[in-house]
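Worksheet for the structure shown next.
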Amino acid sequence: MFCEKAIELIRELHRMSDGQLPAFNEDGLRQVLQEMEALYEQNQSDVNEAKSEGRAELIPSIKLRHCCLLRNQRCVTAYLYDRLLRIRALRWEYGSVLPANVRFHMCAEELQWFSQYKKSLASFMRSLGGDEGLDITQDMKPPKSLYIEVRCLKDHGEFEIDDGTVILLKKNSQVRTGCHSSSSTVLKTCEMFQVVMVTSPLSSALPAAVEM
Amino acid sequence: MDTQSYFPVPPGVGMEENFLSLDDILLSHERLPIRTECTFPQLGFLEKSIPESPGTKMELPLWLTKGLYERKRKVVSVELPKVYKEGWRTVFNADPNVVDLHKMGPYYYGLGSQMLHFDSPENPEIAQTLLQTFIARFRRTMDSSQNAYNEDTSAFVERLDCLEKALFRSGQSGLNGFQSWEKGQASQLTASSLVLNYRKRKITDVQP
C-alpha cells in the first residue's frame, strides 16, 4: 500500500539482529526519497487548491499524504541511525582497520563517519591516563585475578580503604590490593589525583564496565 | 558471555513509541480494522486502496491510523481487533498460559498498548487484561529461560509474543554466560562473534 519500500529497508536490518552490517541499500533509499518527493508535490498543489478554492474536503487527503511523508522520514532516519550503531560496534569489536568486504557494505558517507569516529575515539583515549594515553578498547572483560598491584608516585602516608584495611602509601613502594569494586574505585580516584599508578596485572582499564 | 557492542534503540515502554526503534516501526506496521468517516478525494495512485464512500470498513496500518485519528473531527473510527475484544479478554482472564500469543499477532502487548490511544470506552479493561496476561505468563517465561540449558526450546518460544521473546533471549544469554563462567571459559580469549560471522561470510562471497 503506502511506504512499502521504506518498511522493506527496516525489515532488512531487523533480519540481522546480531549487529552485522548488510550492504547499503542505495536503490531502496532512492526509491523512498522519490516517493516522498511525489507525495510532497501532490500535497503542495492540493494545499494551494484548498486555499484558493476553499475546498475543505481535500484536507483528509492532505493529512494522509503528510502521514506517509512522516512515516517515510521515520523509516529512513531509523535505517541510517541503526547502520551507524552497527558501524560503531565494528570499531569496538574489530579494531580500527576494517576488512575489505565490510568496507564494501558501507557507503561513502558512512566511511567518512567511521574515520571521524575513529579519530574522536583516539583523541579521547590519548587524553586519559597521563602521557601515554589509555587504550580502552582492550581488556573489555573484567580481570581474572583477584588482586591488582599499585605503585605509589607520591608520599601519602596511611590510607584507609572502605573495607577497613589500612595501606601505607610511600613513594615508589608497590602495594597489592583487592580488585573488587569499592577498593578499585577508590584507587581509580587516587590514580586521577596521580597518587598511585596501577602496574599489574592489567596496566590498562581497572575492572569497571567500559562504557562508550 | 560476549561483550556487547551493538546497542540498538529499544522499543518504547507502554503507550510511547521510540522514534528510532526498529521494533516499534515494525510494530506500527500492523494493521487495524477501521471505518472511514469521510472521503479522501484526489489521492491519485493511492486511490485504488482508499474507498470513495465514507463508512466503509477496511484495514489500515497503525501508523496511518494514529496519524489520521482525531477525537473531535471524524476522519476514521477505530474498531478493536478481535484479540482485544470482550470474547478474547475473558479467555485471557481465565488462563493466559495456554494462548499462542505469536499467532494472536506477534506484537500483542505492543499493539494493545498503542490501541489505548484511540479512546475506546473499553480502554480500562483492555489495559487491565494486558497487564494481568503479562504478569501471569511472565513466571513461565522467566522459569524456562533460566532452566533450559542446551535444549531445544523452539516449541516453547514459538508461542511467545515479541516482548516475551526478547525477555527469554536475555534470560538465556545470562544463563549461558553463567554456565560458561562456571566452566572457566569466561577468561579464555575468544574471537568476537561479530568477527566470526564476517569471516564465515567471506568464504561464501568468494564462491560464485
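The values are calculated or read from the model by the stated rules, or taken from the named source; none is laboratory data. Treat the numbers as computed from the prediction; the structure is a model and nothing was measured. Quick reminder, even Gly has a Cβ in these numbers, built from the backbone with ideal geometry, and neighbours come from all protein chains shown.
Restricting attention to the range B:55-66 and to residues that are within 11 Å of chain A (Cβ to nearest Cβ) and touching a Lys or Arg at 6+ places or on another chain (Cβ under 7 Å), the residue that is nearest to residue A:72 (Cα to Cα) turns out to be B:63. When residue A:108 is tested against the conditions (1) more than 8 Å from chain B (Cβ to nearest Cβ); (2) surrounded by 13 or more Cβ atoms within 10 Å (Cβ to Cβ), the lone failure is (2).
In the range B:53-73, of all residues being free of Cβ contacts under 8 Å to residues at least 12 places away in the same chain and assigned to a loop (DSSP other than H, G, I, E, B), the one that is nearest to residue B:15 (Cα to Cα) corresponds to B:70. Tell me, yes or no, whether the range B:110-125 has at least one residue that is modelled with pLDDT under 90, buried (at least 17 other Cβ atoms within 10 Å of the Cβ) and of a type in the set (Phe, Trp, Tyr). Checking the range B:110-125: at least one residue is modelled with pLDDT under 90, buried (at least 17 other Cβ atoms within 10 Å of the Cβ) and of a type in the set (Phe, Trp, Tyr). Annotation: residue B:71 fulfils all but one of (1) over 15 Å from the mean Cα position of the chain (by Cα); (2) in the same structural domain as residue B:132 (by the TED database); the unmet one is (2).
Can you say whether residue A:125 is at pLDDT 85 or above, away from chain B (no Cβ under 14 Å), surrounded by 14 or more Cβ atoms within 10 Å (Cβ to Cβ) and out of contact with any Lys or Arg (no Cβ under 7 Å at 6 or more places or on another chain), as far as the supplied structure shows? Quick ask: steps written out before the conclusion?
Values: at pLDDT 85 or above: yes; away from chain B (no Cβ under 14 Å): yes; surrounded by 14 or more Cβ atoms within 10 Å (Cβ to Cβ): yes; out of contact with any Lys or Arg (no Cβ under 7 Å at 6 or more places or on another chain): yes.
The answer is yes for residue A:125.
Of all the listed residues (A:81, A:40, A:94), the sole one being at pLDDT 90 or above, hydroxyl-bearing (Ser, Thr, Tyr) and under 30 Å from residue A:139 (Cα atoms) is A:81.
Hey, could you check the range B:82-98 for residues that are buried (at least 19 other Cβ atoms within 10 Å of the Cβ) and not aromatic (Phe, Trp, Tyr) and say which is farthest from residue A:65 (Cα to Cα)?
Step one: list which residues in the range B:82-98 are buried (at least 19 other Cβ atoms within 10 Å of the Cβ), which gives B:83-84, B:89, B:92.
Filter again for not aromatic (Phe, Trp, Tyr), leaving B:83, B:89.
Values: B:83: 30, B:89: 35 Å.
The selected residue is B:89.
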